[in-house]
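Presented below is the structure to which this report refers.
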Ligand code: SAM
Ligand code: DTB
Ligand code: SF4
């Protein structure tokens with residue numbers, strides 16, 4: 001029986017999450033004719049989610065630049081000359097004011113990012129105050145602060161943090177080409193701490209860093225075989241930053257950072273393998289055409305970042321996004337929840 005032969009109420013059960021995906025099965029999905037892949041992704045998407053609803057998150061860089069890590073794509077790594085200047089941690093009052101503006105602009109989740117290897121225990125009270133203040137506005141809260149100890153994850157969970165973003169970025173095989181100051185296993189440890197603290201996991205990766213299809217398969221395989229699928233899966237298109245090793249390599253080839261069809265394929269495979277996850281068309285939208293973004297929504301993306309800025313780079317503003325939503329008949333997820 002096909003998905004669309006079931007009644008609406010039965011459908012979510014039909015797409016019960018599986019955690020035993022093999023690389024071969026994921027490779028076979030990637031290899032489908034494009035229309036067949038998107039048809040399958042649409043079937044899964046419509047079985048679980050309202051078909052045209054898109055969740056909207058807004059980012060704020062609460063502590064910019066000066067990061068000791070060496071992620072080869074990142075504008076905020078202290079060791080690369082990217083023109084980003086290091087700032088200190090914002091105050092809770094400043095963060096809450098920015099969250100109020102984000103809410104007025106239509107965001108339902110506020111994601112606070114810090115360019116740290118990991119937070120210091122002395123920062124925790126300030127971070128906890130931010131979570132409480134943003135929550136009090138009626139927004140969902142998300143933080144991305146680097147690696148967390150079990151205790152730090154528990155403290156943030158107790159403060160009411162809804163989501164923690166921590167990306168595995170790429171396949172286990174390619175990870176060593178992306179960052180060397182810590183391994184991907186350390187990222188998986190933090191994700192376990194977050195999960196155990198009862199905070200929802202937001203975890204995904206970056207496409208367009210020079211990785212192979214096999215690496216994209218490995219990225220999705222790692223995510224889809226986690227003990228629980230992440231609640232949110234951000235798929236970022238590399239924003240190439242001059243001065244970073246990966247950004248420079250992409251810029252010097254003068255090739256588009258991401259092939260739009262392969263990007264949409266990756267979203268579709270994430271949608272099919274993690275049916276209940278919200279899949280975010282994350283960084284990289286500024287450089288994407290409306291048509292490329294439309295393909296990603298058809299492939300099953302149902303979340304975006306809104307607002308003019310991501311962390312250090314630009315994002316399509318409200319005007320362009322409103323026009324895109326109008327053209328495609330998309331509506332904010334909260335509007336129909
Ligand atoms: N320092 C924390 C960490 O690494 O987890 C939090 C901030 S970090 C900037 C969050 C994520 O943003 C990275 O894991 C990466 O996936 C994504 N990201 C950073 N720079 C990017 C870029 N230039 N293009 C696309 N995605 C990027
Ligand atoms: C995620 O996966 N993407 C966001 C968020 N999590 C923290 C970050 C995108 C950053 C893009 C580059 C920049 O603005 O510096
Ligand atoms: Fe630091 Fe995060 Fe950037 Fe890596 S991605 S250099 S950990 S801010």
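Quick notes on this structure:
- Globularity index of the stretch 139-264, i.e. its alpha-carbon radius of gyration over 2.2 N^0.38 Å: 1.12
- Normalised contact order of the chain, rounded percent, pairs of Cα under 8 Å and 6 or more residues apart: 23
- At q = 0.13, 0.16 Å⁻¹, base-10 log of I(q)/I(0) for the stretch 218-337 (Debye sum, equal scatterers on each alpha carbon): -0.55, -0.83
- Histogram of C-alpha separations across the chain, 10 Å bin width, %: 6, 26, 37, 25, 6, 0
- Taking a ≥ b ≥ c as the square roots of the eigenvalues of the Cα gyration tensor, the stretch 233-274 is classed as prolate, since a/c reaches at least 1.5 and a/b is larger than b/c.
- Relative packing of peptides 83-96, 63-76 - highest average C-beta neighbours within 10 Å first: 63-76, 83-96
- What the Kirkwood sum gives for the stretch 82-164 is a hydrodynamic radius of 13.1 Å, with every pair of different alpha carbons counted.
- Three principal axis extents describe the C-alpha atoms of the stretch 24-111; from largest down they are 48, 35, 18 Å.
- Bridge orientation summary for the chain: considering DSSP beta bridges with both residues in this region, about 5 percent are antiparallel.
- Length gained on full extension, residue 323 to residue 81, computed as 0.36 nm times the residue gap minus the Cα-Cα distance: 83.5 nm.
- Normalised contact order of the stretch 185-337, rounded percent, pairs of Cα under 8 Å and 6 or more residues apart: 19
- Ordering of 270-282, 236-248, 321-333 by packing [mean C-beta count within 10 Å, highest first]: 270-282, 236-248, 321-333
- Only alpha carbons enter this Debye calculation for the stretch 87-134, each as an equal point scatterer, and the log10 of I(q)/I(0) it gives at q = 0.21, 0.23, 0.25, 0.30 Å⁻¹ is -0.75, -0.87, -0.98, -1.23.
- Short-range pairs are left out: with C-alpha atoms under 8 Å and at least six residues apart, the relative contact order of the stretch 229-310 is 36 percent.
Bear in mind these aren't lab numbers, they're just calculated from the coordinates by the rules spelled out. Keep in mind that what you see is a predicted model, and the values were worked out from it rather than measured. For neighbour counting, all protein chains shown are included, and Cβ atoms are generated from backbone atoms with ideal geometry for every residue, glycine included.
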